1. Kindly indicate whether any position in the stretch A:122-129 is in a loop (DSSP other than H, G, I, E, B) and in contact with a Phe, Trp or Tyr (Cβ under 8 Å, 6 or more places away or on another chain).
2. Applying the selection to the stretch A:11-61, what residues are touching a residue at least 24 places away in the same chain (Cβ under 8 Å) and acidic (Asp, Glu)?
3. Have a look at B:181, B:155 and point out the one that is surrounded by fewer than 13 Cβ atoms within 10 Å (Cβ to Cβ), assigned to a helix (DSSP H, G or I) and not assigned by TED's automatic domain parsing to the domain that holds residue B:309.
4. How many residues does the stretch B:90-126 contain that are assigned to a loop (DSSP other than H, G, I, E, B), farther than 18 Å from residue B:33 by Cα and either aliphatic (A, V, I, L, M) or touching a Leu at 6+ places or on another chain (Cβ under 7 Å) (or both)?
5. Applying the selection to the stretch B:260-270, what residues are surrounded by fewer than 18 Cβ atoms within 10 Å (Cβ to Cβ) and either within 13 Å of another protein chain (Cβ to nearest Cβ) or within 16 Å of residue B:239 (Cα to Cα) (or both)?
6. How many of the residues making up the stretch A:170-196 are in contact with a Phe, Trp or Tyr (Cβ under 8 Å, 6 or more places away or on another chain), assigned to a loop (DSSP other than H, G, I, E, B) and touching a residue at least 40 places away in the same chain (Cβ under 8 Å)?
7. For residue A:65, state whether it is under 18 Å from the mean Cα position of the chain (by Cα), within 25 Å of residue B:5 (Cα to Cα) and either within 14 Å of chain B (Cβ to nearest Cβ) or of a type outside the set (Lys, Arg) (or both).
8. Quick check on the stretch A:24-57: of everything there that is touching a helix residue (DSSP H, G or I) at 6+ places or on another chain (Cβ under 8 Å) and either surrounded by fewer than 13 Cβ atoms within 10 Å (Cβ to Cβ) or hydrophobic (A, V, I, L, M, F, W, C) (or both), which residue is farthest from residue A:100 (Cα to Cα)?
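The values are calculated or read from the model by the stated rules, or taken from the named source; none is laboratory data. Remember, it's a predicted structure, so these values are computed and weren't measured experimentally. Every residue, glycine as well, gets a Cβ built from its backbone with ideal geometry; the counts of neighbours run over all protein chains shown.
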Amino acid sequence: MTIAFKPDETFRGDFRYANSPAAILRFPFPFDQDSYMYGINMEPHTRSTMGGAFAAAFDVDEHYVAECAERAAVLAADPGRCQVLPHMVEAEWDTLELIMESLSADYPEHFTLEREGDDWIWTNRPLSLHQRFRFGDPSSLPQSPFEYIARQAQGDFTLQDQRDGTLYMDGGIATTQADWSLSFDLGMTFHEWHGPVPLAHQKGVFDRALSYLMRVRYGHPARRLNWTMTVHPRLDTSPENYPVWGAGPHHFDGGQHRRDAAFAGRIADILPAAALERAAVLHPRLSCQHR
Amino acid sequence: MRDQPVLSLRVAAAEAIAPTLRRVSLRAADGARLPPAAAGAHITLSLPASGHARPLKNAYTLVSADLEHGYTLIVRRTDPTRGGSQHIHEALAVGDVLEASVPHNLFALHSQAKKVLMIGGGIGITPLLAFIAALRARGTRFELHQICNSADLRVFAALIGAQPGEAVHLHAGRSTFDAAVVLGAQPLGTHVYSCGPAALMDAIAAQAAALGWPASHVHREDFGAAGGEPFTLTIGTSGARITVAADQTMLEALEAAGIDAGSLCRGGACGVCALPVRAGELEHRDHYLSADERQSGAVVMPCVSRARGDSLVLDI
């Protein structure tokens, strides 16, 4: 399936961004309820054979090139958006291997991985990258292995270490977050980093979600659909940049604007900005502790 | 590696390293790169067994998993009634192709351990060999106590290959190993890993608890308990009977019989597949039902839970 990329899109300033009709049709919804609450909507990542957003391990859509450029811009301004603790170096290589294998298998016309033992050649045609490197040798890549590959994928990622009966966020990249901070959460446990979420703790959502995540097995990926709404298609709604996006003239600060009526006419505008959490949950043990 | 729950592995090498121990190296049958596996991971092999209609599924720890040698196992010939290891010792030959699960790890090293104490009994040495390699590479301090028959001492010593300065202790039998002394001498921040007969692992856990070790620092080998004993499911409304095999979930058995129970997470967390129960004792393995709901015995999560006994009647 060849994707017609839209490299001139922007997620700030003039907000040059739109979804083609085909992109809206492949969106992994419809919304099947009239109201929503936090819930346990994790499920096995069963591949759709009909195309759409569930056909691949890591979805690539028409915004891929523009989103990768946006990520590079955010990282240039704030390198702290990508941080990994030293003991997670094996998880970094696991992530690189998983994403490269998945992209090259799911989108062979756009990505190619050639391997001769630990000598690998990675070709990313949409971003015009051709990289020879030695698997396991970080000096053979322009960035750390995790940052290198996460710059070539849509959506944010975290690396979680499973120990002490919980998951620790011991690494990640966050340039498209719904107002959470990697710098703040780095090293926290699952319940700590979800601490600010209202209502869901009392419903037992996080206890059950943690149990489920700790049992996700290598080779059996899971997914969870998650969406947020923003007025503009701004991907970088980070606490670090709150003065840039939070206080502007288009800020919705609750109250009457949260009524359905306020949003009703905006659904078409909101949909493009809804951020799909790319829920290829990396197997916590293998992604964090392999070899 | 993409989602591919079953691997096809070819036997690349197989050799007897002792009268009851066989070392087997496995590579991908198609020559592809195998999925990575952390120290402590195991795979489940499907092995033909005489007298059994279906292949036996046995879990084996990976002694090593690397690009050069593939997956390496060391298998002890055990009780002939469990035919899996018998097949590996008597029939398995280089070139044979076996079906295997992808690696799964329920016995992983703690990334923050200040020191790792390993206690092995007999063939329980296998994950510890993987640990030793990982800890040497990581530069983490470790201490090993391996208990074995005197006949195995030399073979095990060769497998460990202790380097100068390493705290490696081989014990010919339990009598020279004193768990209280060994556990009592460890610095704070030590994690203990035991692997071997259940009685040994129980004794280590009990001794650690008695000495006040935090439970989070005490680990024992675990292959998980995905399946269980087979049982018969009766559909209350129709009287139809469905057999749930040992390696099958109740949900899978219902689906195989054409009954769509509806499910989402298939891991006992979301509650979507809950089914009403008319009769039968339950073994609840989910994380969804409340204590009261469990107690009532009136509802079950068929994706993970099973009958405790040989039959269960569903109210559907």
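1. Scanning the stretch A:122-129, I find at least one residue that is in a loop (DSSP other than H, G, I, E, B) and in contact with a Phe, Trp or Tyr (Cβ under 8 Å, 6 or more places away or on another chain), so the answer is yes.
2. A:43, A:59, A:61
3. Of the residues listed, the single one that is surrounded by fewer than 13 Cβ atoms within 10 Å (Cβ to Cβ), assigned to a helix (DSSP H, G or I) and not assigned by TED's automatic domain parsing to the domain that holds residue B:309 is B:181.
4. 9
5. Matches in the stretch B:260-270: B:262, B:264.
6. Total satisfying the criteria: 4.
7. No, not satisfied.
8. Step by step, filter the stretch A:24-57, then rank; the result is A:40.
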